[in-house]
Amino acid sequence: MKSPFKNPPAEPFFLKTDSGERFCLYHAPHSGTHCRGAFIYVHPFADEMNKSRRMAAMQARIFAALGFGVLQIDLFGCGDSSGEFKEARWDIWKDDLAIAMKWLACNVSTSISLWGLRLGALLALDFAKQTEHPIENILLWQPVLTGESFLTQFLRLKLANGMFTSPPEKPSGTHLMRASLCAGETLEVAGYELSPSLAAAIDKLKANELIVTKIPIHWFEAVSESGRSMTPAGARVASIWEQAGANLHVHLVPCSSFWMTQEISECPELLSATAKPFTETRHELQ
């Protein structure tokens with residue numbers, strides 16, 4: 001989806017915190033549009049963040065053309081922000097979102113929504129459950145369903161690179177790596193040093209327990225082709241949320257897994273589908 005306006009470049013800046021600086025990009029609403037709200041983009045984990053930068057930037061520019069500000073923040077230990085990845089903690093990342101929320105509230109007089117991709121979607125939901133600041137909408141792109149399975153897939157990257165072996169009589173593969181983490185060891189996986197603390201926090205995450213009510217949630221799920229259904233696991237989570245009273249809107253979009261493809265890829269269908277609900281009035285969205 002191409003923007004009908006020529007967007008001004010995003011404003012880069014460093015946001016000061018008690019634990020260093022966070023690199024941010026702010027896409028201001030286009031000057032020819034009425035400011036209709038703002039989003040905080042919550043990026044995915046490790047290399048998925050890098051693979052997704054282009055899609056995130058494209059969607060942010062589309063939102064800006066529609067009248068929404070978008071704040072992209074590199075979480076602690078990620079991207080160009082302060083800290084090492086091995087020092088990153090789940091609670092620090094939630095604090096980063098609180099700081100981002102405060103910056104937007106002080107600089108943009110409008111409602112604020114959250115937009116999370118993959119593990120960032122679970123971080124957005126976890127943050128939304130505890131924050132006292134009002135949240136207008138929650139936008140989820142391909143949310144991770146369980147932290148345990150996600151962490152297992154991440155650890156397998158080390159196996160794929162042939163970097164972790166063990167004698168036949170000892171636990172092997174991800175079991176050995178999990179044992180190392182439980183023993184307090186930091187593991188290097190695909191160039192990222194994963195701390196036992198962060199691994200434990202991710203392992204406990206379950207989408208079906210991160211239920212947020214009263215806030216409209218737009219869940220965008222990639223499918224292989226038009227007409228395909230949601231996966232049974234995703235459908236179960238959606239059903240649990242709805243039964244608990246979540247205001248959930250599921251959107252199935254034919255799309256490649258751009259967050260993990262070998263080459264940087266785009267999904268125009270997801271950009272168009274994501275923009276569509278937010279071209280409506282606030283009343284219609286809710």
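The values are calculated or read from the model by the stated rules, or taken from the named source; none is laboratory data. Being a predicted model, the structure only gives us computed values, none of them experimental. Cβ placement follows ideal geometry from the backbone for every residue including glycine, while neighbour counts extend to all protein chains displayed.
Quick notes on this structure:
- Where strands (runs of 3 or more DSSP E) fall entirely within region 124-235, none has at least 2 residues that are more than 29 Å from Gly79 (Cβ to Cβ), modelled with pLDDT of 95 or more and not small (Gly, Ala, Ser).
- Note on region 79-126: residues that are closer than 25 Å to Glu148 by Cβ, among the aromatic types (Phe, Trp, Tyr) and touching a residue at least 40 places away in the same chain (Cβ under 8 Å) total 3.
- Scanning region 110-129 finds one or more residues that are assigned by TED's automatic domain parsing to the domain that holds Thr274, among the charged types (D, E, K, R) and surrounded by fewer than 18 Cβ atoms within 10 Å (Cβ to Cβ).
- Number of the condition not met by Met49 [criteria: (1) assigned to a strand (DSSP E or B); (2) touching an Asp or Glu at 6+ places or on another chain (Cβ under 9 Å)]: (1)
Residue-wise test of (1) out of contact with any helix residue (DSSP H, G or I) (no Cβ under 7 Å at 6 or more places or on another chain); (2) of a type in the set (Asp, Glu); (3) crowded, with 20+ Cβ neighbours inside 10 Å.
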site: Ile40; (1), (2), (3): no, no, yes
site: Pro44; (1), (2), (3): no, no, yes
site: Asp95; (1), (2), (3): yes, yes, no
site: Ala105; (1), (2), (3): yes, no, no
